[in-house]
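Notes to accompany the following structure.
The values are calculated or read from the model by the stated rules, or taken from the named source; none is laboratory data. Quick caveat, the model's predicted, so the values are computed rather than measured. Cβ sites come from the backbone with ideal geometry, for glycine too, and all protein chains shown count toward neighbours.
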């Protein structure tokens, strides 16, 4: 994730996107590879895991697709991601330390798919962010935003405690679409990712 702290004074870190404790994160996503398949990610794809955090999705992506680019602003999170990838034996990953707003400068060639999990709600300038994503997608390429449903935080419990962002900053799929579609990306699907998430999937039109 772009931010692994709620300290908004740290330059470049998105607020309110803290990296969860590994125990409940794994309890929430026990089979992350199934989430990736449900989003429509295929073996022939080149995928960017944007704001990858500790690599929960990066490592299974490496076993699923042709090539992965994992980007995060925090070198400590990238170090954890690197260890997880190494444990899989995969060699098809590039890890990049950088600001997610600068994704168009960090990724020089178009990709098939961009994944962003549990971070979009905390991006201050969502339209600007979406433009950067659109700039690196191939025609027909897709951008998936995994978000918490707009439910009261008290209702989204994991291991017996409320989890996820504050209720007031959660977003409905239509709220995400209103921001992302300003970058000329089109909402093509919203899928349920139980128990508390959805995936909003956008496509870069083929001209």
Report task. Could you look through region 191-207, keep only residues that are assigned to a loop (DSSP other than H, G, I, E, B) and in contact with a strand residue (DSSP E or B) (Cβ under 9 Å, 6 or more places away or on another chain), and pick out the one that is nearest to residue 142 (Cα to Cα)? Result -> 204
Report summary line: When (1) over 16 Å from the mean Cα position of the chain (by Cα); (2) exposed (fewer than 14 other Cβ atoms within 10 Å of the Cβ) are applied to residue 124, the one that fails is (1)
Query raised in the report: Can you name the number of the only condition in (1) over 14 Å from residue 49 (Cβ atoms); (2) modelled with pLDDT under 95 that residue 138 fails?
Result: (2)
Query raised in the report: Pick from region 45-67 the residues that are free of Cβ contacts under 8 Å to residues at least 60 places away in the same chain, more than 14 Å from the chain's Cα centre (by Cα) and in a loop (DSSP other than H, G, I, E, B): which of them is farthest from residue 116 (Cα to Cα)?
Result: 66
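Taking region 175-207 on its own, how many of its residues are closer than 20 Å to residue 124 by Cβ and without any contact (Cβ under 8 Å) to a residue 60 or more places away in the chain?
11
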**Report entry** Flag for residue 157 being under 19 Å from residue 125 (Cα atoms) and without any contact (Cβ under 8 Å) to a residue 24 or more places away in the chain
**Finding:** no
Query raised in the report: How many residues does region 156-190 hold that are part of a strand (DSSP E or B) and in contact with a strand residue (DSSP E or B) (Cβ under 9 Å, 6 or more places away or on another chain)?
Result: 5
Report summary line: Scanning region 16-38 for residues that are surrounded by fewer than 20 Cβ atoms within 10 Å (Cβ to Cβ), touching a strand residue (DSSP E or B) at 6+ places or on another chain (Cβ under 7 Å) and at pLDDT 95 or above gives 38
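Yes/no matrix, rows are residues, columns are (1) under 25 Å from residue 184 (Cβ atoms); (2) at pLDDT 95 or above; (3) touching a helix residue (DSSP H, G or I) at 6+ places or on another chain (Cβ under 8 Å):
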| residue | (1), (2), (3) |
| --- | --- |
| 68 | no, yes, yes |
| 78 | no, yes, no |
| 91 | no, yes, no |
| 110 | yes, yes, yes |
| 125 | yes, yes, yes |
Query raised in the report: Before we move on, is residue 172 at pLDDT 95 or above, under 28 Å from residue 63 (Cα atoms) and out of contact with any helix residue (DSSP H, G or I) (no Cβ under 9 Å at 6 or more places or on another chain)?
Result: no
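Considering 142, 151, 131, 108, which residue is in a helix (DSSP H, G or I) and either free of Cβ contacts under 8 Å to residues at least 60 places away in the same chain or crowded, with 21+ Cβ neighbours inside 10 Å (or both)?
131
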Requested in this report: Out of 90, 79, 86, report the one residue that is in a loop (DSSP other than H, G, I, E, B) and over 27 Å from residue 174 (Cα atoms).
Outcome: 90
